[in-house]
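Quick note: the coordinates plus some simple rules give every number you see, no bench work behind them. These numbers come from a predicted model, not from an experiment. Cβ coordinates were reconstructed from backbone atoms using ideal geometry, including for glycine residues, and neighbour counts include every protein chain displayed.
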Protein chains: 2
Amino acid sequence: MISEKMKGFVANSSIIRAMFEEGKKMAEKYGTDRVYDFSLGNPNVPAPDEVREAIVDIVTNTDPVRVHGYMNNSGFEDVRETIARHLNELYGTSYGAGNILMTVGAAGGLNVIFKTLLNPGDEVVTVSPYFGEYRSYAGNFDAVLVESAADPKTFYPDIADLEAKITEKTRVLILNSPNNPTGVVYPKAVLEEIALVLERKSGRYGAPIYLVSDEPYREIAFDGVEVPWIPSIYKNTIVGSSYSKTLSLPGERIGYLVIPSCLDDFENVTAAANVANRILGFVNAPSLMQLVAARCCGAKTDVAYYDRNRKLLYDGLTSCGYECVKPEGAFYLWVKSPEEDETAFAARCKNEEQILVVPGRSFGCAGYVRIAYCVSYETILNALPGFKKVAESYR
Amino acid sequence: MISEKMKGFVANSSIIRAMFEEGKKMAEKYGTDRVYDFSLGNPNVPAPDEVREAIVDIVTNTDPVRVHGYMNNSGFEDVRETIARHLNELYGTSYGAGNILMTVGAAGGLNVIFKTLLNPGDEVVTVSPYFGEYRSYAGNFDAVLVESAADPKTFYPDIADLEAKITEKTRVLILNSPNNPTGVVYPKAVLEEIALVLERKSGRYGAPIYLVSDEPYREIAFDGVEVPWIPSIYKNTIVGSSYSKTLSLPGERIGYLVIPSCLDDFENVTAAANVANRILGFVNAPSLMQLVAARCCGAKTDVAYYDRNRKLLYDGLTSCGYECVKPEGAFYLWVKSPEEDETAFAARCKNEEQILVVPGRSFGCAGYVRIAYCVSYETILNALPGFKKVAESYR
């Protein structure tokens with residue numbers, strides 16, 4: 001009795017989520033410390049203390065009618081102003097409240113901007129491997145996701161291939177850097193080349209191609225690598241951000257869109273995005289968490305924690321022979337499968353060592369697996385012997 | 001550059017929301033105490049103390065990785081179990097966690113169930129006047145909203161008309177009792193008649209017609225009136241509920257769906273609803289507020305506060321000649337316009353007396369206005385002389 005479209009969505013449902021559920025069942029069976037669940041990007045780092053302090057202070061000292069009440073569908077004016085100012089300090093921009101739309105996480109924000117921009121049959125180009133939900137989000141609006149394979153050496157976008165994939169049907173290019181699942185950060189020079197392609201194509205087809213920059217991992221970068229602010233490189237950029245990872249609040253569903261004033265058709269896009277936020281059923285981003293985000297927008301998650309995990313995992317896996325993409329950001333390691341069929345490798349990890357990793361085909365790129373290292377240091381330490389045994393079993 | 005569908009949505013955008021924004025601007029101009037804003041269902045009653053106490057206790061004494069983390073897309077298992085038990089105590093049902101899906105407010109829940117059930121071209125029948133967003137929610141999935149006019153005497157559903165409007169294209173009947181905007185509560189006998197119609201029609205067309213019962217106002221009912229539990233009357237009922245009004249948490253976006261096990265195709269519907277919650281971008285209902293809802297699901301908003309407002313407003317308006325539908329639930333008064341064109345009446349209220357009321361055509365029923373009395377007692381008291389002057393101006 002369910003809708004035809006949902007039948008497809010259910011059939012292709014997130015393998016990551018299925019593994020998350022399976023991991024919990026396995027933990028009940030084998031014990032939590034005997035299951036090594038690297039499946040989901042659910043931070044093991046607690047939210048910074050500022051979050052708890054802000055919550056207690058706000059609910060104790062602010063009128064509950066304001067704290068928990070409705071506001072403009074785009075969010076509290078003062079919250080949006082504060083976030084705009086914070087971005088201005090970081091990136092030398094001049095945003096105001098009107099450039100910020102508070103959203104139900106980055107996932108909510110992407111759906112809002114896709115609903116705003118996409119007609120049925122429009123194409124959304126992305127670089128594979130990519131966060132698998134992009135396909136569902138485009139499908140929600142009957143648009144088509146088009147994959148452009150990354151350069152297999154660097155996992156940066158392949159400019160020539162990208163250019164070939166962008167046609168007159170392309171409405172949006174969605175990029176994600178620091179990248180899930182590869183952990184790479186796109187350098188400025190690469191982004192500048194992409195901007196040139198988009199400008200040329202927009203001119204040729206007589207309509208702007210919007211770049212949607214999905215940036216939940218912006219603040220998680222290592223070794224001093226620069227994460228360029230893309231709206232300063234390409235004017236028709238909309239940024240989707242979230243506090244899920246940077247403040248370890250993934251369950252709270254709090255994020256925002258940045259829609260710069262220089263965007264083509266800015267007035268209509270912001271007005272429509274405000275309406276889309278409402279009619280998609282979000283109505284507004286959760287109110288208390290909006291206030292918390294404004295208080296804590298300068299707070300940082302414990303990047304050193306992830307860095308320590310990254311080094312342990314990367315060194316541990318490469319030393320027993322795995323081929324890994326050097327991760328510069330986010331909290332994922334992208335590992336070449338020792339056999340062509342990475343689902344068989346992932347099954348071997350699970351069945352023989354209770355290690356859960358996600359097959360690359362969930363991200364549109366077979367032959368690799370994704371390991372989410374936002375777990376405890378001990379989980380990695382205790383899983384390494386298992387990874388080693390599996391590696392040896394392939395010799 | 002925005003999508004064709006969004007152009008339509010923006011053009012027909014919520015007049016209620018526009019009035020809410022205008023009310024804030026008028027308050028800046030005339031002073032808050034000189035503007036009487038009855039436009040939005042934004043409770044002026046603060047959340048019960050239990051909510052603040054639960055928030056402080058949870059963030060102080062529970063691991064933040066759990067409080068703010070991901071969980072199953074349907075919500076925390078123990079939260080769903082607690083809410084199920086609470087419903088069982090109230091309605092003598094036997095629900096478990098598997099019958100509850102935590103949602104981003106009732107609006108999120110309605111979108112989840114519509115995405116789950118509706119194919120393009122399917123019809124969703126509702127009784128007018130109705131909450132205007134239903135049209136957008138059906139439109140999100142290319143379904144068509146079909147209006148069946150309520151009996152103009154009682155504002156209960158007109159059974160004969162409803163029967164005529166339900167065709168083989170009808171997939172869902174959505175009802176809302178206690179009703180926004182009329183404040184009426186549908187009696188059990190009326191609901192039983194509707195159930196018979198739905199059973200007959202489901203049988204004739206060989207497919208179940210689901211009843212979606214939108215119940216954010218369930219706990220706000222007066223004079224001891226019974227609000228029947230509809231799944232006990234018609235088995236293919238899905239309930240959409242919310243803590244927005246009952247705990248005064250509209251900005252927090254926390255609600256739930258009840259999907260009874262006896263529902264036709266229960267397994268597929270719940271699996272698809274879980275996926276829909278994820279891919280629509282909600283991912284899950286806000287995590288802290290899920291925990292708060294479970295702690296406070298027995299807490300009650302201050303119904304006596306609304307009752308006092310209701311009496312003051314109803315008596316005040318009827319005594320100066322307005323014709324009002326007797327409100328038994330929710331916090332809305334449905335008032336016949338003194339002139340045929342209720343938008344002219346609403347404009348006169350606004351321009352001459354700074355009183356904001358919503359024209360009935362926003363609810364698919366011209367000739368009436370909606371007055372949301374979830375405001376302070378003083379706002380009503382101070383607005384009554386203005387209402388009286390406007391009434392006199394029509395003599």
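Values computed for the structure shown
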item: Among beta bridges that DSSP assigns inside the protein assembly as shown, antiparallel share in %, nearest 5; result: 45
item: Value of relative contact order over segment B:43-140, rounded to a whole percent, pairs C-alpha under 8 Å and six or more apart; result: 17
item: Distant-in-sequence amide H partners of A:V146 (H built 1.01 Å from N, under 5 Å); result: A:V124, A:V125, A:T126
item: Under 15 Å from B:K29, Cα to Cα: aspartates and glutamates that are on another chain or at least 8 residues apart; result: B:E21, B:D37, B:E352, B:E353
item: Cα→Cβ-extended label distance, 7 Å offset, between A:Y394 and A:F266, nm; result: 5.0
item: Computed FRET value (nearest 0.05) for B:A160 with B:A11, which takes r as the C-beta separation and R₀ as 30 Å; result: 0.30
item: Percentage relative contact order, segment A:193-330, counting C-alpha pairs under 8 Å, at least six apart; result: 24
item: Value of relative contact order over chain A, rounded to a whole percent, pairs C-alpha under 8 Å and six or more apart; result: 23
item: Pairwise label distance in nanometres, B:E199 with A:A207, each label 7 Å out on the Cα-Cβ vector; result: 5.2
item: Net dipole in debye of segment B:143-187 [+1 Lys, Arg Cβ; -1 Asp, Glu Cβ; about Cα centre; nearest 20]; result: 140
item: With 5 Å bins from 0: P(r) over segment B:49-296, alpha-carbon pairs, percent; result: 1, 6, 14, 19, 20, 17, 12, 6, 3, 2, 1, 0
item: Mean-position separation - Cα centroids, segment B:311-387 and segment A:250-291, in angstrom; result: 32
item: Nearest 10 degrees, 0 to 90: helix B:342-353 Cα axis against chain B principal axis; result: 60
item: GNM flexibility winner over chain B from B:V358, B:V212, B:V59 (Cα, springs under 10 Å); result: B:V59
item: Ranking of A:D63, A:D142 by count of other Cβ atoms within 10 Å, fewest first; result: A:D63, A:D142
item: Low-density loop positions, trypsin sites (Lys or Arg not before Pro), segment A:250-306 - DSSP coil, at most 13 other Cβ in 10 Å; result: A:K300
item: Cα centroid of segment B:107-183 to Cα centroid of segment A:165-230, whole Å; result: 42
item: Cβ-Cβ FRET estimate between A:R34 and B:E77, R0 fixed at 25 Å, reported to 0.05; result: 0.70
item: Estimated FRET transfer efficiency when R0 is 45 angstrom, pair B:S94-B:K24 (beta carbons, to 0.05); result: 0.45
item: Cubic angstrom per residue, convex hull over Cα atoms of segment B:246-395; result: 168
item: Viscosity 0.890 mPa s, 25 °C: Kirkwood-radius Stokes-Einstein D of the protein assembly as shown over Cα pairs, µm²/s; result: 90
item: Cβ-based exposure ranking for A:L87, B:L101, B:L110, in which fewest neighbours within 10 Å come first; result: A:L87, B:L110, B:L101
item: Proximal charge balance of A:E22 [Cβ under 12 Å; K/R count +1, D/E count -1]; result: +2
item: Cα pair count fraction exceeding 27 Å, expressed as % - segment B:119-247; result: 12
item: Residues of type lysines that A:K235 reaches as a straight line, Cα spacing below 16 Å, ignoring anything fewer than 8 places off in the same chain; result: A:K188, A:K201
item: Using distinct alpha-carbon pairs, which all enter the 1/r mean, Kirkwood radius of segment B:204-261 in Å; result: 12.9
item: DSSP bridge orientation in segment B:49-296 - percent antiparallel, rounded to nearest 5; result: 30
item: Cα centre as origin, Lys/Arg/Asp/Glu Cβ charges: chain A dipole, Debye; result: 540
